[in-house]
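Okay, so here's the structure we're looking at.
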Amino acid sequence: MKTLFWLLILSLGSISAYAQDAVKQAAASTCACMKEINPDDYSDKDDLTLKIFGCLGADIDAAEKALIKAKKVKKDERLQVLDIVGAEVRKQCPEQFERLKKEEVKTDPALLKIGDQEDFTTGFTDAVCRCMGTKKSMDDCAKETIGANEARMEKQFGDNMFKAMMGLFSDVLFELADRCEVGASDKAIAKLQAYPKATGNCKEIIIGTYETEMILGKNTIKITANRYTEYSADGNIAEDFTLEWNGCAATLTVESASSDMLKKGQKISMQVRRASQDGFVSVIDYGGLKAGGLFVKVK
């Protein structure tokens, strides 16, 4: 994504006093908004840029009307209005642009390497956690860790790379939630940590109706002591399973399914990893293809 700063080239030029006051007021509002931004809250540079854009456009209507009245812009030329107001913002608070510049943080490659004899999931989790100690984005750290260990991944997973990576990311996410202290800064990990680790007999605590976003989309799930039924957005049954519990692990046997991935009588497994009265987090294993899901209880 292009950065905001190319918008801030034009000067005000010759503008009527009324229009100039409106532009200055919009710029002052933008500067005030920018002062409230903490760049450390944005692990992604693009997200930070969008936030700055939001400040620039939040109080611009009066300036636009004044500039149109002064015949400095025409209707539907909002981009030019942004240019003019942006130039005034640059004049009023140049220090905010310097403060909000977010340079990409490069991680020391040595922090990302997984040892040759190290368990891959454990090593990958540890590498991502070390990386997150230098930057907050789990996604960026996962990408860098993959890049630093491509040779071993090719050797270990070969043609099964896609299926292996699906399972790896699911396992690593839970591992980060369990034992990476700096992981709490990541939104996805923080969501998991909001639910206590599941222990003992999970059957009673998760009986209920839930909404969830799985790998294939958002659905409603109804769970009884011995049934797991998934409904599509139109209210029809998409998948129906009988359910057998063993602690916080369950075996689901397909009774009916609209997906070609599942056949009647097929057995898949579900492991509840974290749970509370508000919902639970699980991993469902579709015969080697793992998919994590957050199940939020419908009140």
Within 25 Å of the chain's Cα centre (by Cα) and part of a loop (DSSP other than H, G, I, E, B): which single residue out of 134, 121, 145, 125 fits that description? 134
Just to be sure I understand, how many residues within the range 240-299 are farther than 23 Å from residue 191 by Cα, touching a residue at least 12 places away in the same chain (Cβ under 8 Å), outside any strand (DSSP E or B) and touching a strand residue (DSSP E or B) at 6+ places or on another chain (Cβ under 8 Å)? 7
Residue 115 fails exactly one of (1) among the small types (Gly, Ala, Ser); (2) surrounded by fewer than 12 Cβ atoms within 10 Å (Cβ to Cβ); (3) assigned to a loop (DSSP other than H, G, I, E, B), namely (2)
Residues of the range 148-168 that turn out to be surrounded by 15 or more Cβ atoms within 10 Å (Cβ to Cβ), assigned to a helix (DSSP H, G or I) and not aliphatic (A, V, I, L, M), as a count: 4
Count - residues of the range 18-49 that are under 29 Å from residue 188 (Cβ atoms), in contact (Cβ under 8 Å) with a residue 40 or more places away in the chain and out of contact with any Cys (no Cβ under 8 Å at 6 or more places or on another chain): 9
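Quick grid of which residues meet (1) at pLDDT 95 or above; (2) over 27 Å from residue 164 (Cα atoms); (3) surrounded by fewer than 16 Cβ atoms within 10 Å (Cβ to Cβ):
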site: 217; (1), (2), (3): no, no, yes
site: 241; (1), (2), (3): yes, no, no
site: 261; (1), (2), (3): no, no, yes
site: 268; (1), (2), (3): no, no, no
site: 278; (1), (2), (3): no, yes, yes
site: 281; (1), (2), (3): no, no, no
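So which residues in the range 238-277 are of a type in the set (D, E, K, R) and under 15 Å from residue 293 (Cβ atoms), if there are any at all?
Of the range 238-277, the ones of a type in the set (D, E, K, R) are 239-240, 244, 255, 260, 263-264, 267, 273-274.
Hits for the range 238-277 are 239, 273, 274.
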Taking the range 22-68, which residues are β-branched (Val, Ile, Thr), outside any helix (DSSP H, G or I) and at pLDDT 85 or above? 37
For the subset of the range 169-185 comprising residues that are farther than 26 Å from residue 286 by Cβ and either acidic (Asp, Glu) or part of a helix (DSSP H, G or I) (or both), which member is modelled with the highest pLDDT? 179
So is residue 73 farther than 30 Å from residue 152 by Cα and either in a loop (DSSP other than H, G, I, E, B) or in contact (Cβ under 8 Å) with a residue 24 or more places away in the chain (or both) or not? yes
Could you list, in sequence order, all residues of the range 220-239 that are farther than 19 Å from residue 286 by Cβ and in a loop (DSSP other than H, G, I, E, B)? 224, 225, 226, 233, 234, 235, 236
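The values are calculated or read from the model by the stated rules, or taken from the named source; none is laboratory data. Computed from a prediction, not measured in an experiment: that's the story for all the values here. Note that we place each Cβ from the backbone using ideal geometry, even for glycine, and neighbour counts take in every protein chain shown.
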